[in-house]
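Working notes, beginning with the structure itself.
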Amino acid sequence: MAGGGMVTTGEVKHFEGKATVYVVLTCILAACGGLMFGYDVGISGGVTSMNDFLAKFFPNVLANKLRSAQTSNTYCQYNDQKLQAFTSSLYLAGLVSTFFASPVTRRYGRKPTMLIAGLCFCVGVIFNAAAQDLAMLIIGRVLLGWGVGFANQAVPLYLSEMAPTRWRGGLNILFQLAVTIGILFANLVNYGTGKMKHDGWRVSLGLAGIPAGLLTLGGILLPETPNSLVQRGKLEDGRKVLRKIRGIENVDAEFEDLILAAEESKRITSPFRNLMLRRNRPQLIIAFIMQFFQQFTGINAIMFYAPVLFQTLGFQSNASLYSAVITGAVNVVSTVVAIVVVDRAGRRILLLEAGVQMFISQTAIAIILAVGMKNGVSLSHSLGVVVVVLICVYVSSFAWSWGPLGWLIPSEIFPLEARSAGQSVTVSSNLFFTFVIAQAFLSMLCAFKWGIFLFFAGWVVIMQIFVILFLPETKGIPIEEMEVVWTRHWFWKRFVPDAPILDHAGIPTTDDTKKSNNLKPATTNGADNGYHNNHDAPQQA
Ligand code: BGC
């Protein structure tokens, strides 16, 4: 998952530098930001399936659960808006905090933003682990949500700025890998604490303090990125840090590049206005819709609620938590597959293959539940095993497609003029749709019963059509040359100018100021400025 605001300068350059201790620390830090997010995703389902947690905060749900064990209403046993709010409040808070995190990251740097995230996490964990009533629990979740908003903005950006260029691409998916490890870690913790007689949930919620504490420590100890220092005018500090992290004395070439990038980014004064320009419509639509689709694969029905779901199907508490560990592990391993394959096979093929796999597994699960759970009778042991296997098939396909690519593609399609704004839209719309699923899933399960899996399978069909018709392949295309994918696309080409605008040096540019100062069309016809109408023409920021 990537945060906003990365600035790149177009040409493919290679700078000197070793893999220093600082860079390794950076990776560990990434793991903590991602782990923390993943831990929050994975922990709530296990906790809400624990009876003493329900007895303390949601006695109605517990009564309903015990009652429905004897009736045919098992699909509705967890249907409770407040219980869902326990999970979803984090994402709503994360969504709101993204709007604050973005300017803080820009104005004050990545380091203070991470520190704020770490502190929010720590206080949130204390509220959660010590919770005496529902209010404390929700306040804790909201604080964790603020942490997620700040961490998801700053950490990926910090990583991409600290890492040597050759590591940059892989780090995008590595952050997602850290998220999946966090989910698995939470599943394992729940499996352990589920066996405790009392207050296992406090341990589950409290152990989030480990990644939270580490992130806070990182926010205090790690250096600010040279990019951010240079951008804020602290040139000498920037040079010093660059020397330190690259482990060499002569960093002039990279330093100059940073200064250029900082100047360029200063000229982009209204990224949100740029984002709304007609020529950026394809990217905006794709980034937004990919977040909707990612969440409407139904993945978080599993990630948030797997233990609850498995109990609904008649698994014992222990087996439910154990099954969640299995799906969590499949999620991690399959994300590694994405890292290996994505730049070889491409994005579209991964999405299309996964779509078929998701559709088949979801439909098969629906059929098994429809047939095997008649009148509320639990699934037989063998059918239960088949359902777990099918959920693993489903999770694996998500983990090498919509999981990482839902973040990777939006982070690589926006032109520089709208990149930071595009990322903010990506992060906030993702958190919004995550919130929707978290708040609605248990009620939908109650209303649709086994049909919930057909509901998500239906969306998968629509996603397939979208990928086939509207999603161009972005594999191997340099980020600053992405324009060609739109100009060549049968549908999106109507939104973009025919040819790129060149500056005096003949380099295609998307920077507004350059365009209006040095307008020089790429076409040989001097009368044509390369734009179809005034609508498309760049605006002076
Ligand atoms: C999604 C999360 C999801 C996770 C599962 C991420 O890409 O954004 O909502 O929980 O994948 O691994």
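Couple of notes before you dig in:
- The stretch 158-235 holds no helices (runs of 4 or more DSSP H) entirely within its bounds that carry 3 or more residues that are out of contact with any Pro (no Cβ under 8 Å at 6 or more places or on another chain), of a type in the set (Gly, Ala, Ser) and open to solvent by 60 Å² or more (accessible area, probe 1.4 Å).
- Qualifying positions in the stretch 109-153 - under 16 Å from Leu29 (Cα atoms), hydrophobic (A, V, I, L, M, F, W, C) and under 18 Å from the mean Cα position of the chain (by Cα): Met114, Ala117, Phe121, Val148, Phe150, Ala151
- Where Arg419 falls short, out of the listed (1) open to solvent by 40 Å² or more (accessible area, probe 1.4 Å); (2) of a type in the set (Lys, Arg); (3) in contact with a Gly (Cβ under 9 Å, 6 or more places away or on another chain): (1)
- Taken as a whole, the condition of being within 30 Å of Ser102 (Cα to Cα), surrounded by fewer than 23 Cβ atoms within 10 Å (Cβ to Cβ) and touching an Asp or Glu at 6+ places or on another chain (Cβ under 8 Å) does not apply to Arg273.
- Set Glu256, Glu264: member being free of Cβ contacts under 8 Å to residues at least 24 places away in the same chain and within 30 Å of Arg232 (Cα to Cα): Glu256
- Qualifying position, being open to solvent by less than 20 Å² (accessible area, probe 1.4 Å), in a helix (DSSP H, G or I) and either within 16 Å of the ligand (Cβ to nearest atom) or of a type in the set (A, V, I, L, M, F, W, C) (or both), among Leu390, Leu445, Leu469: Leu445
- Some residue of the stretch 397-408 being more than 30 Å from Ser265 (Cα to Cα), in contact (Cβ under 8 Å) with a residue 60 or more places away in the chain and open to solvent by 10 Å² or more (accessible area, probe 1.4 Å): yes
For every residue, the table says whether it meets (1) touching a Phe, Trp or Tyr at 6+ places or on another chain (Cβ under 7 Å); (2) at pLDDT below 95.
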residue: Met276; (1), (2): no, yes
residue: Gln294; (1), (2): yes, no
residue: Ile302; (1), (2): no, yes
residue: Ser323; (1), (2): yes, yes
residue: Arg347; (1), (2): no, yes
residue: Ala370; (1), (2): yes, yes
residue: Leu383; (1), (2): no, yes
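- Selected residue [within 22 Å of Ser49 (Cα to Cα) and open to solvent by 20 Å² or more (accessible area, probe 1.4 Å)] from Leu313, Leu309, Leu383, Leu321: Leu383
The values are calculated or read from the model by the stated rules, or taken from the named source; none is laboratory data. Just so it is clear, the model here is predicted, and its values are computed rather than measured. In this analysis, Cβ positions are derived from the backbone assuming ideal geometry, glycine residues included, and neighbour counts consider all displayed protein chains. For the accessible areas, the whole protein counts, side chains as well, though only heavy atoms, and no ligand, DNA or RNA atoms are used. Shrake-Rupley method; radii C 1.70, N 1.55, O 1.52, S 1.80 Å.
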